[in-house]
Amino acid sequence: MRCLPRFAWVPVLTCCLNICLAADAVWQGRPVAEFLDSLNQQGHQVIFSTDVVTDDLLVLQEPVTDDPIAAARRVVEAHDLLFERGPSGSWLVRQTSQRTQAAEAAQPEAEVPLPEIIVTSSLHRLEYVQTGTPTYLDRQLATRVPTTGDEATRITTRLPGTANGGISSRSHVRGGESNEVLFLLDGHRLYEPFHLKDFQAVATIVNSNAIDGIDYYTGAYPARYGDRMSGVMNLSLRQPEKPVQTELAFSFFNTSVLSLGTIPGGGDWLFAARRGNLDIIADTVNPDVGSPDYQDFLLHVGWDFGPRLQFGANMLYSKDKLTLADTGRGEQANANYENQVAWLSWKADWTERLRSETTLSIGAIMGRRTGTLDLPQVVNGVLDESRDFDSIGLRQDWTYVPSKTWMLSFGIEGKHQDAKYRFLSTKTVSPPFDSILNNAPFTIIDLDTQPEGAQYNAYVEARWQLRDNLVVDAGIRWDTQSYTMAMNDEQTSPRLSVLYRINSRSELRVGWGQFSQAQESNELQVSDGIDSFFPAQRAEHVVANFKHQLGRDANIDVSYYRKSFRSVRPRFENAFNALTLLPELQFDRYRIDPLSALAQGAEVMLSEGDSSQDVFWWIGYAWSEVTDTTATRTVRRSWDQTHTLKAGLSWRWGRWNLSAAGEVHTGWPRTSLIEYSPASVTVSEPNASRYSVFHTLDARVSRQIPVRRGDLELFLEVSNLYNRQNPCCTEYSIVATANGPELIADEEHWLPLVPSLGIVWRF
């Protein structure tokens with residue numbers, strides 16, 4: 001599961017395969033290169049060298065199958081060639097070591113170079129070489145592997161180095177905070193990309209059914225990506241496979257509709273709408289809890305003005321409305337959010353060597369939140385918050401390919417942003433809890449501010465193929481922000497990565513880079529009483545990765561990383577319980593002021609097969625150490641996991657698919673309230689101990705059913721199959737007894753067993 005394919009197959013090939021069912025031979029006896037080009041002519045990426053797929057290679061046997069990828073694999077492997085996953089959803093045709101050895105034996109005096117990853121047009125081959133270590137996760141993988149809540153982005157949590165617990169779609173990538181991942185849709189930046197963002201962020205605002213795949217970077221990514229320190233998640237939209245195709249889906253979590261197709265004359269369109277069903281489930285199970293409700297809408301229209309100019313128009317809108325109550329904790333919260341963004345893009349091929357992309361965008365975010373907290377003899381408070389954020393931006397990217405051995409990419413972007421904040425809260429902490437964690441007996445936060453300013457960035461990247469087996473990437477990025485008159489921040493971030501192909505089965509990648517993350521205009525920490533921006537945070541990545549092909553479909557991936565942080569801005573956490581509705585009103589809220597931070601670790605991934613095959617599996621182990629260094633001590637970060645083991649298996653049998661995925665990791669760090677009396681409270685050192693070991697198993701079974709029009713997919717998915725009670729946090733309360741007030745500690749847990757039934761109709 002290292003570089004999984006984009007599953008956007010088929011128009012012409014599917015048609016051909018259907019014809020094969022009625023005729024004896026369509027492709028048999030024709031060139032293999034022509035067979036593969038039939039996919040490329042429809043916009044799909046099948047990458048091969050004409051030196052490997054020569055004109056004399058013919059289709060030996062008619063590929064009679066409903067699966068076009070399986071057909072292509074059979075055609076290619078019949079000539080002892082590899083058909084494997086490539087970058088960004090592409091497929092690669094490469095030589096096996098056996099075939100290379102046979103060629104050497106036939107021509108002992110000829111030098112046979114290591115196989116290159118090159119496209120039919122060798123001038124642009126370097127664009128498909130990945131010196132970094134991205135992982136591509138395709139749409140089919142998300143439908144075959146369990147993903148809680150029908151959320152495709154959760155497939156990233158199956159990889160080692162990504163920490164996540166519970167229902168949240170946010171993750172910690174290699175020790176970074178959850179907000180350190182750059183979130184893109186077809187290359188366009190999305191701000192606050194989660195539904196119910198202040199209440200566990202249960203889903204992204206992009207309908208998972210509209211996603212074709214995910215390019216996922218976990219470190220040392222290129223200079224074109226910036227303003228985030230830990231990772232990049234680029235979602236790509238689906239491409240139509242026929243003039244019109246539609247999907248209707250329903251599950252316990254969501255109801256959605258998707259329609260996409262082609263426009264006569266050259267173009268495509270996509271429409272997707274989704275409604276969350278969590279409010280229906282909550283009202284059915286326990287009407288007193290509340291109703292979390294979310295919706296989103298996505299529209300894309302593309303048009304080709306000839307072969308050298310493409311236009312795209314996109315619009316994304318999401319809306320959240322929720323009322324939640326936790327009577328045991330004395331919490332009630334109400335929130336309304338809206339997020340809307342639109343962008344236009346123009347892609348132009350000026351010459352064979354020079355092309356550009358221009359993007360104009362506009363966006364707006366609105367948020368309203370109110371709540372009350374009443375925990376007798378501990379704490380009580382109220383809050384009223386409103387946030388508004390507006391942005392308009394222009395981006396220009398260029399790619400220049402002067403020769404087949406080097407290329408140049410560069411770009412510039414400018415954005416104007418303004419925000420409005422209004423926050424009012426009062427909090428009263430009862431003794432003795434007012435004596436811990438720097439609490440005050442009574443606090444009022446009353447802030448009203450309107451920051452306004454701009455962001456500018458520019459980058460340059462160069463890629464050289466110094467030898468057949470050696471490729472070097474070098475780049476530099478410049479960023480600056482000016483949200484207030486008092487702040488004008490600049491960052492320069494050089495990057496370097498190297499790919500060395502040891503032999504036909506082994507590759508070594510090494511990367512180094514500096515990264516920065518400015519505090520966005522919409523990220524002001526007003527709820528914790530801060531009304532000014534901090535300077536940009538900085539991080540330095542050192543990454544090494546070794547990949548080796550064990551067999552035709554088996555691979556081993558070994559990585560090491562070291563990520564050091566500096567200029568780390570303060571953050572606020574809840575010492576005992578992070579899963580509250582109103583964290584800023586709780587008595588265990590405290591400030592962390594790191595001078596620096598460090599994340600380092602090693603990862604091993606063993607996998608066989610991919611999502612296009614009947615059987616594929618993976619197993620991965622990660623060791624990591626994640627710490628903050630303050631003025632007085634070095635402590636674990638709250639999401640530190642020393643040891644993590646993740647594994648999964650998927651088996652497709654006819655129209656059935658069965659899969660399971662699980663993980664086990666070191667328990668989450670823990671801060672404890674160790675002693676209580678009416679006069680005093682004693683708290684342990686931050687994260688000095690751990691909860692018990694975390695482990696869980698998820699499973700999914702699905703069945704494809706042909707119907708008169710299209711086909712149905714029925715599925716049952718179960719998260720936490722054996723209902724493991726994994727501890728996450730502790731809730732404290734005071735109860736009256738005959739001996740006086742006593743402190744009661746209730747251990748809270750991550751998700752229990754969660755079943756979900758669903759149906760998808762595709763036609």
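A short reminder: the numbers here are calculations on the coordinates, not readings from a lab. Computed from a predicted structure; not experimentally measured. When we count neighbours, we look across all protein chains shown, and the Cβ atoms used for this are built from the backbone with ideal geometry, even at glycine.
What the table below lists for this structure:
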{"item": "Debye, to nearest 20: dipole size of the chain, +1 on Lys, Arg Cβ, -1 on Asp, Glu Cβ", "result": "940"}
{"item": "With at most 14 neighbouring Cβ atoms within 10 Å, loop GluC sites (Glu not before Pro) (DSSP) excluded, longest segment of the chain", "result": "353-763"}
{"item": "Across 197/646; 321/646; 242/347; 242/547; 197/427, pairs whose alpha-carbon gap is larger than 25 Å", "result": "197/646; 321/646; 242/547"}
{"item": "Computed [θ] at 222 nm, deg cm²/dmol, the chain (DSSP H ≥ 4; -39,500 (n - 2.57); rounded to nearest 500)", "result": "-2000 deg cm²/dmol"}
{"item": "Kirkwood estimate for segment 401-543, i.e. one over the average of 1/r between Cα atoms, Å", "result": "19.2"}
{"item": "Neighbour-count order for 456, 337, fewest beta carbons within 10 angstrom listed first", "result": "456, 337"}
{"item": "Relative contact order of segment 502-605, pairs being alpha-carbon contacts under 8 Å that are 6 or more residues apart, as %", "result": "25"}
{"item": "Part-to-part distance (alpha-carbon centres) for segment 644-704 and segment 510-575, which is given in Å", "result": "22"}
{"item": "Amide H contacts of residue 131 (H built 1.01 Å from N, under 5 Å, at least 5 apart or other chain)", "result": "none"}
{"item": "For segment 257-307, alpha-carbon Rg over 2.2 N^0.38 Å", "result": "1.87"}
{"item": "Relative contact order, percent, the chain [alpha-carbon distance under 8 Å, six or more residues apart]", "result": "10"}
{"item": "Extreme residue, positive dipole direction of the chain, given options 142, 537, 297 (C-beta unit charges)", "result": "142"}
{"item": "Neighbour-count order for 319, 646, fewest beta carbons within 10 angstrom listed first", "result": "319, 646"}
{"item": "Virtual spin-label span in nm between residue 742 and residue 323, 7 Å along Cα→Cβ", "result": "3.7"}
{"item": "Residues whose placed amide H lies under 5 Å from that of residue 229, excluding near-sequence neighbours", "result": "none"}
